[in-house]
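A.B. asks: Have a look at this one before I ask anything.
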Amino acid sequence: MNTVTKNSRQTAPSLVYALPTDMGIFRVVNKVEEILLSLTLMTMILLACSQIFLRTFLSTGLLWADPLLRYLVLWSGLLGAVAATGQGKHIALDVLSRSVPKAFAPWINFSTLVFCSLTSMGLSWAGILFIQGELEYELIGPLSLPVWFWSAIFPVAFCLITVKYLILCFLQLRRIFQMKHLQG
Amino acid sequence: KTKYLFKIATLAPAGSIWVEQFELFSAKILHDTGGEVRFRIYAGGVMGDDQAMLRKMRVGQLHGGGFTMTGISLRVPDFRVMGIPLLFESYNEVDYVRKGLLPEFKNQFRKHGLEFVAMTEVGFIYPMSTKPISNYLMFKETKNWCPSGDPISETFMKSLGITPISLTIPDVLSSLQSGLVETVYNSFYGSIIMQWFTKAHYIVDFPYGYAYGVFALSSKKFNALPAEHQEAINKAAEIYFPILLAETRKSNEESYRVLADRGNEFQKLDAETIKILKDKRDLAMTKMIPGAVSEKIYKRTVELLDEYRNQK
Amino acid sequence: MSLLKIIIFCLALLRTPLFLIISAIALVSFYTADIDISVVIIEMSRLADTPILVSLPLFIFAGVLLSESQAPKRMLHFSQIFLGWLPGGLAVISLFVCAIFTAFTGASGVTIFALGGILLPALLADGYDEKFSMGLITSSGSLGLLFPPSLPLILYGVIAGSRIDHLFLAGILPGLCMLALLAGYAIIKSGPVKKKKRRSTKKDFVEGLKEIGWELPLPFLLIGGIYGGFLVPSEAAAVTALYVLIVEVFIHRDISLSQLFPIMSKSMVLFGGILVILAASMASTNFLIDQEVPTRLFEFIQKYIDSKYSFLLLLNIFLLLVGAMLDIFSALILIVPLILPIAIGYGIDPIHLGIIFLTNLQIGYCTPPVGLNLFLASYRFEKPVTELYKSTLPFLGLLLITLVIITYVPLLSSFLISRFG
Ligand code: NA
Ligand code: NA
């Protein structure tokens, strides 16, 4: 099957893919993410365009602009991925889930969410190890900030993704027991 | 039968003289150690650039690498001292200074957990431009490239009043093509294998600087070898790396002729421009110590160079 | 450990995010090979050394903004004024408009959603039958993938380390070849003009030009900027993004400032989804390289296939299957790192390989049973998928013919590079 990049497909209400948008705390999170992402994007556009302007009209340029731009791309992408986690918008293959019997579906979804939590935990751990290694060297990146600072987005983003998946796990489990309760 | 596998990476492309000689070197070691020490090479930058290679050595995925001066100097800053612009005038000078600095380099590398095996070289680098440059002013008016992460060329160009455009080596060709940079720096052989010469038609026939690199192993892995295997590596290095230097220089000479035959124009710098460049270089050096290189290594280098020039 | 990998593969089929599947495989592989797992992040951090990556979020934003604006309508109206009088005019227009639109918005199905609703009624009113019209729109939903600044083209460049400016040039002739074949078919199918159409007047032309005046320079700005030597591709992306932003928000006012933040955030979420897959695949690919898998795979395949041409034939069959099952981004990211070294071993130029790759994946979009365009069109036009299978078939045939031409005539991809590269 093809990928699910949009939430165009109807999903059974018993399956949790995204954080509920009607809850106050998640609405705030969404808004914060939206503002952060828009600001990074605006910064990238303006930074790149001012480089062109400086070069063309004043034949000069900012040496730190290009490396900064490349790190901003990384930051915006990883923050975008954090947002995509909450909105259930990650690219995924979806071959078998429709042929899964309805009764198992919530449990299977729960186990994929557990898998997602574990893997993002693994990535967070790898990220922390990576930053520990980077701390040994005093390499300086753009804006006179150390390189480890710019790379710290990896563990930060993966930790946030882990938290979101853990919440999704919890929500899915709660949904399963609510359903049991209704049936019983 | 392999007891010790060294995974080595380099940016040099497979099939280049650097990789070819390295393969002979590693075959010799494999033979001399009765198959116990094997080198596996990942060429062409498949393991990433110098910085990624260093990171992978830190965590033990790689055990060594053929590094460029720019890349390894992020870890061992003093190693970039021979890259000071307009320092050397002949390969004899280079060889004399290198021999003198070797013990200090080896020491400093060990402090960073690296075993310095041998130096490699790209050779003398020359300014090559899409526009004719024959004097100081012309130099300034073109868009100059400097390798990303090379504080020496950066500071030097700034002292010349140039804001260089910093790009990684793989981006240079397309930027030459699009006119983003006009003046680049490379050896004759380098400009041919990287195709830069097709765009940078005018070549200033005056060595702007010297580009080199190093083959280094992880100290941890090297020290774990029995003494006779360490000896085998050093012995093979003594045979094959001098051959590599000679081969590199031969390729550069041949490339000079190829470029001339292809119709690339060689231009002379006038004496006044050279003097201005050297003065500005000395001015820039005051700003580079101790940020880019230590005072100690700089003094030693100048000392060695004077020593050689005086004995002539 | 192999049991663990089997479980991961099963999860992949159950709507688990692809980037976590790939990451999990990479983490487990490095862990079992006794290599520190932080290598995964070392590899991911290499993305910060990829200058061309900068163009991805910027072009994605420009594309999303364009598709949320009224630009598609304006484009269509303008083309109708200028080309409407041709036999088969509307069908030809549809093809061109879809191609340009896809080039700017990427092949995420936006074309079918944004243009399909306008094009289908127009085609039907012009006397084309429903089967033809739906087939045309479905198959042109991914047309234009080969034209700059299409996202998949850039992504291929990022993964293969090829030059973007060359890839942009390489795609133009094969893309035009595809367009020409489809347009020819559309003209034949149009038959005699059923309605006497009113020829556009001079006033119409002026009006039309005024309407599209702001968007019309966009392709020229982009191409001229890159090949005129003013901009590198990532800068061209920034200029495009800023230009589209100013035009759609401040000049046409199609998008209000309050809509702008959600659109920006939506584009970055889209980009984030692609970036993490790219990052994860950097890590898994590094494991394969570490274990020398591409070299061994090449040696293995070379035992059975000795000619470049039979390799290309097999490659096409393989890619058509992949294209039918995976979306273009996942397919590129997963398959290119494996195939590229093998193809180079057979003496295939990486740029040519990229064009072959994208053509295949584009065709995969409309191949039954699971091509994405078929589902999108079925959803958009509220028709059963099986009906769309039938209507797309003739177009599919034409696309396959182009694939053969593109594969076995490398000159088509390399000609412009040799002239302007
Ligand atoms: Na998709
Ligand atoms: Na598909």
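The values are calculated or read from the model by the stated rules, or taken from the named source; none is laboratory data. Note that this is a predicted model, so its numbers are computed, not measured. Counting neighbours? That spans all protein chains shown, and the Cβs are built from the backbone with ideal geometry, glycine included. Side chains included, ligands, DNA and RNA excluded: accessible areas come from the protein's heavy atoms. Shrake-Rupley method; radii C 1.70, N 1.55, O 1.52, S 1.80 Å.
A.B. asks: With an 8 Å cut-off on Cα pairs and a minimum separation of 6 or more residues, tell me the relative contact order of chain A in percent.
C.D. replies: Numbers: 160 pairs, mean separation 59.4, N = 184.
Result for chain A is 32 percent.
A.B. asks: Which whole-angstrom value gives the distance between the alpha carbon centres of segment C:230-244 and segment C:70-133?
C.D. replies: For segment C:230-244 versus segment C:70-133, the Cα centre distance is 26 Å.
A.B. asks: Further, regarding this structure: Please return the longest stretch of chain C lacking exposed loop sites, where trypsin sites (Lys or Arg not before Pro) count only if DSSP places them in a loop and at most 12 other Cβ atoms lie within 10 Å. The partial results should precede the final answer.
C.D. replies: Numbers: sites that count: C:Lys194, C:Lys195, C:Lys196, C:Arg198, C:Arg199, C:Arg253.
Counting only loop sites that pass the neighbour cut-off, the longest clear stretch is C:1-193.
A.B. asks: Moving on to the next point. Please list 3J(HN,Hα) in residue order for segment B:196-212, calculated via the Karplus relation 6.51 cos²θ - 1.76 cosθ + 1.60 where θ = phi - 60°; whole Hz, with x for glycine and proline.
C.D. replies: Karplus-based 3J(HN,Hα) across segment B:196-212 equals 5, 5, 5, 9, 7, 6, 9, 10, 7, 7, 8, x, 7, x, 10, 10, 8 Hz.
A.B. asks: A further question on this structure: Using a 1.4 Å probe on the heavy atoms of the protein chains only, list every residue of segment C:270-309 that has 40 Å² or more less accessible area in the complete assembly than in its chain alone.
C.D. replies: C:Leu275, C:Val276, C:Ile289, C:Asp290, C:Glu292
A.B. asks: Only four residue types carry charge here, +1 at the Cβ of Lys and Arg and -1 at the Cβ of Asp and Glu. Report the dipole size of segment B:1-149 about the Cα centre in Debye, rounded to the nearest 20.
C.D. replies: Details: 19 positive and 14 negative charges, 128 e Å.
Using Cβ point charges on Lys, Arg, Asp and Glu, segment B:1-149 gives about 620 debye.
A.B. asks: Sticking with this structure for a sec: Treat every Asp and Glu Cβ in the protein assembly as shown as -1 and every Lys and Arg Cβ as +1, leave all other atoms uncharged, and give the resulting dipole magnitude about the Cα centre to the nearest 20 debye. Display every interim value, and only then the final one.
C.D. replies: Details: 78 positive and 67 negative charges, 491 e Å.
Charge dipole of the protein assembly as shown: 2360 debye, to the nearest 20.
A.B. asks: Ignoring ligands and nucleic acids, what accessible area does B:Thr273 show with a 1.4 Å probe (Å², nearest 10)?
C.D. replies: We get 0 Å² for B:Thr273.
A.B. asks: What residues does segment C:1-20 have that are buried by at least 20 Å² of accessible area in the full protein assembly compared to the chain on its own, 1.4 angstrom probe?
C.D. replies: C:Leu11, C:Ala12, C:Leu13, C:Leu14, C:Arg15, C:Thr16, C:Pro17, C:Leu18, C:Phe19, C:Leu20
A.B. asks: Put simply, what bits of segment B:74-89 lose 10 Å² or more of accessible area when the other protein chains are there, versus the chain on its own (1.4 Å probe)?
C.D. replies: Correct list: B:Leu74, B:Arg75.
A.B. asks: Which of the GluC sites (Glu not before Pro) across segment B:1-93 are loop residues per DSSP, with 16 or fewer other Cβ within 10 Å?
C.D. replies: Listed in order of number, the matching sites are B:Glu89.
A.B. asks: Continuing with the same structure: Per residue of C:232-244, how many C-beta atoms from partner chains lie within 10 Å of its own C-beta, taken as a mean? List each step's numbers first, then the result.
C.D. replies: Numbers: counts 11, 2, 7, 7, 3, 3, 10, 4, 1, 6, 6, 1, 0.
Neighbouring Cβ atoms belonging to other protein chains average 5 per residue here.
A.B. asks: OK, next. Quick one: with all protein chains in place, what share of the accessible area of segment C:36-420 is carbon or sulfur, to the nearest percent (1.4 Å probe)?
C.D. replies: Numbers: 9740 of 14230 Å².
Carbon and sulfur: 68 percent of the exposed surface of segment C:36-420.
A.B. asks: Continuing with this model, one more query. Could you work out the relative contact order of chain C, using alpha carbon pairs under 8 angstrom and six or more residues apart, expressed as a whole percent?
C.D. replies: 25
A.B. asks: Where the accessible area of chain A is counted over protein heavy atoms with a 1.4 Å probe, how much of it, in %, is carbon and sulfur?
C.D. replies: Working: 6260 of 8960 Å².
Of all accessible area on chain A, carbon and sulfur atoms account for 70 percent.
A.B. asks: Residue farthest toward the positive end of the dipole of segment C:36-420, with Cβ of Lys/Arg at +1 and Asp/Glu at -1: which of C:Gly272, C:Leu90, C:Ile405?
C.D. replies: C:Leu90
A.B. asks: When the accessible area of segment B:211-305 is computed with all protein chains present and a 1.4 Å probe, what percentage of it is carbon and sulfur?
C.D. replies: Its accessible area is 54 percent carbon and sulfur atoms.
A.B. asks: Next up: When the Karplus curve 6.51 cos²θ - 1.76 cosθ + 1.60 is applied with θ = phi - 60°, which whole-Hz ³J(HN,Hα) does each residue of segment B:4-15 get, with x for Gly and Pro?
C.D. replies: 10, 9, 9, 8, 10, 10, 7, 7, 4, x, 4, x
A.B. asks: Rg and Dmax in Å for chain C, alpha carbons only: what are they?
C.D. replies: When restricted to the Cα atoms of chain C, Rg and Dmax are 22.0, 75 Å.
A.B. asks: Mind listing the long-range amide H neighbours of A:Leu93? Cut-off is under 5 Å, sequence gap 5 or more, other chains count too, H placed in the peptide plane at 1.01 Å from N.
C.D. replies: C:Arg15, C:Thr16, C:Leu18
A.B. asks: Which whole-number value in Å² is the accessible area per residue of the protein assembly as shown, probe 1.4 Å? Could the numbers behind the result be given before it?
C.D. replies: Numbers: 37600 Å² over 917 residues.
Normalised by residue count, the accessible surface of the protein assembly as shown is 41 Å².
A.B. asks: Mind checking the mean number of beta-carbon atoms from other chains within 10 Å of the Cβ atoms in A:124-134? Write down the numbers at each step before the final one.
C.D. replies: Numbers: counts 1, 5, 14, 6, 2, 8, 12, 2, 1, 7, 6.
Per residue, the number of nearby Cβ atoms from other chains is 6 on average.
A.B. asks: Amide H neighbours of B:Val122 under 5 Å, at least 5 residues apart or on other chains, H built in the peptide plane: list them.
C.D. replies: It is B:Ala211, B:Tyr212, B:Gly213, by chain and number.
A.B. asks: Check which residues have an amide H placed less than 5 Å from C:Leu146's amide H, if you skip close sequence neighbours.
C.D. replies: Those qualifying (amide H under 5 Å, at least 5 residues apart or on another chain) number zero.
A.B. asks: Can you tally the lysine pairs in chain A where the Cα-Cα distance is under 23 Å and the two residues are eight or more apart, or on different chains?
C.D. replies: 9
A.B. asks: Rank C:Cys10, A:Cys116, A:Cys49 by accessible area, highest first, at a 1.4 Å probe radius?
C.D. replies: Ranked list, largest accessible area first: C:Cys10, A:Cys49, A:Cys116.
A.B. asks: Still on this structure, please answer the following. Note the direction-averaged projected area, equal to a quarter of the hull surface, for the Cα convex hull of segment B:1-83, in nm².
C.D. replies: Values: hull surface 23.7 nm².
Seen from a random direction, the Cα hull of segment B:1-83 projects 5.9 nm² on average.
A.B. asks: Dipole of segment B:79-222, Cα-centred, from +1 at each Lys and Arg C-beta and -1 at each Asp and Glu C-beta, to the nearest 20 debye? List each step's numbers first, then the result.
C.D. replies: Numbers: 13 positive and 12 negative charges, 96 e Å.
Using only the charged Cβ atoms, the result is roughly 460 debye.
A.B. asks: Determine the distance separating the Cα centre of segment C:257-276 from the Cα centre of segment C:288-343; give it in Å without decimals.
C.D. replies: 33
A.B. asks: Projected onto the charge dipole of segment C:36-420 (+1 at Lys/Arg Cβ, -1 at Asp/Glu Cβ, origin at the Cα centre), which of C:Gly161, C:Tyr227, C:Thr295 gives the Cα projection farthest towards the positive end?
C.D. replies: About the Cα centre, the residue reaching furthest to the positive side is C:Tyr227.
A.B. asks: So, one more: How would B:Lys221, A:Lys164, A:Lys31, A:Lys102 rank on accessible area, largest to smallest, probe 1.4 Å?
C.D. replies: Numbers: B:Lys221 55, A:Lys164 20, A:Lys31 110, A:Lys102 170 Å².
In descending accessible area the options line up as A:Lys102, A:Lys31, B:Lys221, A:Lys164.
A.B. asks: Within the set B:Lys140/B:Lys275; B:Lys140/B:Lys250; B:Lys143/B:Lys280; B:Lys287/B:Lys312; B:Lys7/B:Lys296, which residue pairs have Cα atoms separated by over 22 Å?
C.D. replies: On the way: B:Lys140/B:Lys275 15 Å; B:Lys140/B:Lys250 32 Å; B:Lys143/B:Lys280 18 Å; B:Lys287/B:Lys312 31 Å; B:Lys7/B:Lys296 34 Å.
From B:Lys140/B:Lys275; B:Lys140/B:Lys250; B:Lys143/B:Lys280; B:Lys287/B:Lys312; B:Lys7/B:Lys296, over 22 Å: B:Lys140/B:Lys250; B:Lys287/B:Lys312; B:Lys7/B:Lys296.
A.B. asks: Using a 10 Å cut-off on Cβ to Cβ distances, tally the other chain neighbours for every residue of A:66-74 and report the average as a whole number.
C.D. replies: 6
A.B. asks: Remind me, relative contact order of chain B in percent, using alpha carbon pairs under 8 angstrom and six or more residues apart?
C.D. replies: Values: 500 pairs, mean separation 79.6, N = 312.
In percent, rounded to a whole number, it is 26.
A.B. asks: Moving to a separate point now. Any idea how far the Cα center of segment C:345-409 sits from the one of segment B:158-180, in Å?
C.D. replies: 40
A.B. asks: So how much accessible surface do A and C hide from each other in total, probe 1.4 Å, in square angstrom to the nearest 100? Mind showing how you got there, number by number?
C.D. replies: Details: alone 12250 and 19410 Å², together 26120 Å².
Approximately 5500 Å² gets buried when A meets C.
A.B. asks: Something else now. Which ³J(HN,Hα) values, rounded to whole Hz and listed in residue order, are derived for segment A:69-85 from phi using the Karplus coefficients 6.51, -1.76 and 1.60 in 6.51 cos²θ - 1.76 cosθ + 1.60 with θ = phi - 60°, glycine and proline given as x?
C.D. replies: Once rounded to whole Hz, the list reads 4, 5, 6, 4, 4, 5, 4, 5, x, 6, 5, x, 5, 4, 5, 4, 5.
A.B. asks: Using Cα positions and a limit of under 18 Å, work out the aspartates and glutamates in reach of C:Lys131, with same-chain residues fewer than 8 apart set aside.
C.D. replies: Within reach: C:Glu382, C:Glu387.
A.B. asks: Here is a follow-up. Can you work out the PRE-style zone for B:Lys3? Point 7 Å along Cα to Cβ, and I want the residues of segment B:227-264 with backbone N under 17 Å.
C.D. replies: B:227-234
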